[in-house]
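Data first, discussion second: the structure below is written as structure tokens.
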Amino acid sequence: MYRVSAVCVLLIVIFGARVSVCQAEELVLASWNVENLFDTEDDPGVQFDEDYSPESPKKWTSERLDIKLKNLAKIIGKMNDNHGPDVLGMCEVENRKVIEMLVEKLAPLGRKYEIVHKDSPSDRGIDCALIYDSNVFKLANSKFHFVEANKTRDILEAKLERDGATLYVFVNHWPSRRNDEWERNAAADVLRKRIDEILAAD
């Protein structure tokens, strides 16, 4: 979790111009691998999601999914002194539906969370996603950067704005270290190229 009050350059966070507006307040950003947040339906377009169905050996039922969502929401809600994060990047979500279900569980926080998501080419059917409080940030733009490495997840880029300041957030879920090194290097190259473009422009 990142508490941002001034200029911040991290792996996934880049501030643009006029960051001085951030010095009088604190913004909280968090990143979490939610570990196989699947719905209970078999998607014919996804090769390896059959394990997450009521009929599978995992017996992934609506009840079990609801327990997982409640547990995730409980911990997310405790972030930022029980206010929840302003921005949360997530890895291993199956689709927009499960993100919407999670956002619904977060409703007691009083946040106005909006979603940035796109189905990725992953054979496992797991994507990167972002939720942000639209009362705190405006989404200026979002992109999904394809990584040509064994159908791995796209890198999510969100350009957020607040009071004239720009915040770029990247949500990454690179291939495992068990994969060939070139696959992780391919993801790193895609991210590095995009960051260089942003820094060259500002």
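The values are calculated or read from the model by the stated rules, or taken from the named source; none is laboratory data. Just so you know, these numbers come straight off a predicted model, no measurement behind them. Virtual Cβ from ideal backbone geometry, glycine too; neighbours counted across all protein chains shown. Side chains are part of the model used for accessible areas, which takes the heavy atoms of the whole protein and leaves out ligands, DNA and RNA. Shrake-Rupley method; radii C 1.70, N 1.55, O 1.52, S 1.80 Å.
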Worksheet item: For the range 88-121, which residues satisfy the criterion of being among the small types (Gly, Ala, Ser), open to solvent by 10 Å² or more (accessible area, probe 1.4 Å) and closer than 20 Å to Arg153 by Cβ?
Response: Ser120
Worksheet item: Name the pairs whose Cβ atoms lie under 7 Å apart, with the first residue in the range 72-99 and closer than 14 Å to Asp39 by Cα, the second of a type in the set (A, V, I, L, M) and part of a loop (DSSP other than H, G, I, E, B), and 6 or more positions between them or separate chains?
Response: Glu92/Ile126; Val93/Ile126; Glu94/Ile126
Worksheet item: Looking at the range 140-173, which of its residues are among the aliphatic types (A, V, I, L, M) and either within 20 Å of Trp32 (Cβ to Cβ) or in contact with a helix residue (DSSP H, G or I) (Cβ under 9 Å, 6 or more places away or on another chain) (or both)?
Response: Val147, Ala149, Ile155, Leu156, Ala158, Leu160, Ala165, Leu167, Val169, Val171
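Every residue, every condition in (1) surrounded by fewer than 12 Cβ atoms within 10 Å (Cβ to Cβ); (2) at pLDDT below 80; (3) of a type outside the set (D, E, K, R), yes or no:
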{"position": "Trp32", "(1), (2), (3)": "no, no, yes"}
{"position": "Val46", "(1), (2), (3)": "no, yes, yes"}
{"position": "Pro54", "(1), (2), (3)": "no, no, yes"}
{"position": "Pro57", "(1), (2), (3)": "yes, no, yes"}
{"position": "Thr61", "(1), (2), (3)": "no, no, yes"}
Worksheet item: Do you know which residues across the range 76-99 are closer than 23 Å to Asp49 by Cα and touching a strand residue (DSSP E or B) at 6+ places or on another chain (Cβ under 7 Å)?
Response: Gly89, Met90, Cys91, Glu92, Val93, Glu94, Arg96, Val98, Ile99
Item to complete: Give the range 1-30 a look and list any residue that's open to solvent by 70 Å² or more (accessible area, probe 1.4 Å) and either part of a loop (DSSP other than H, G, I, E, B) or modelled with pLDDT of 85 or more (or both), or say none.
Response: Met1, Val7, Leu11, Arg18, Glu26
Discussion item. Looking only at residues that are modelled with pLDDT of 85 or more and within 26 Å of Asn172 (Cβ to Cβ) in the range 34-44, which one is surrounded by the fewest Cβ atoms within 10 Å (Cβ to Cβ)?
Written reply: Glu35
Worksheet item: Residues of the range 172-199 being among the charged types (D, E, K, R) and part of a helix (DSSP H, G or I), which ones?
Response: Glu181, Glu183, Arg184, Asp189, Arg192, Lys193, Arg194, Asp196, Glu197
Practice prompt. Sort out which residues of the range 63-87 are closer than 27 Å to Phe144 by Cα, of a type in the set (Asp, Glu) and either part of a helix (DSSP H, G or I) or open to solvent by 20 Å² or more (accessible area, probe 1.4 Å) (or both), and write them in order of number.
Written response: none
